[in-house]
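A.B. asks: Pasting in a structure now, in structure tokens, and then I'll have a few things to ask.
Every number in this text was worked out from the coordinates using simple rules, so none of it is lab data. Quick caveat: nothing in here was measured; it's all calculated off a predicted structure.
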Amino acid sequence: MNPQPKKKAVRLSPAKRRELKLKLYNERAKEHCETCGKWLPLSGSVFEAAHLSHIKSVGAGGDDSAENCLIECYQCHINERHGLKWG
């Protein structure tokens, strides 16, 4: 019985991750948090700006694909991805 070959995770350079964040922010999220719907500025303080979140973390085998990433506000990013202890 042959196991399925592992899918190679897509890892992007910091510049390509910024491009992905900008594309998702403008085209899919329409400048809003994809979890709670709050309007987000693209930049600013860490507590106000849009965050690029992974649905399946990189450590758990997730990748930097558009299908595995979300644009989220700080509160949703911290509470949903890292648990309430971080918020």
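A.B. asks: If one computes P(r) from the Cα atoms of region 14-86, what percent of pairs lie at distances over 19 Å?
C.D. replies: Of all Cα-Cα distances in region 14-86, 29 percent exceed 19 Å.
A.B. asks: Now for a separate question. Full extension from Ser43 to Ser65: what is 0.36 nm times the residue separation minus their Cα-Cα distance, to one decimal in nm? Walk me through the numbers before you get to the answer.
C.D. replies: Details: separation 22, 0.36 × 22 = 7.92 nm, distance 2.14 nm.
Contour length minus Cα-Cα distance gives 5.8 nm.
A.B. asks: Sticking with this structure for a sec: Note the full-extension length gain between Asn26 and Lys56 as 0.36 nm times their separation in residues minus their Cα-Cα distance, in nm to one decimal.
C.D. replies: Details: separation 30, 0.36 × 30 = 10.80 nm, distance 2.20 nm.
Additional length available on full extension: 8.6 nm.
A.B. asks: Here is a follow-up. Can you work out the Karplus-derived ³J(HN,Hα) for every residue in region 33-46? Use 6.51 cos²θ - 1.76 cosθ + 1.60 with θ = phi - 60°, whole Hz, and x for glycine or proline.
C.D. replies: 5, 7, 9, 10, x, 5, 5, 10, x, 5, 9, x, 5, 4
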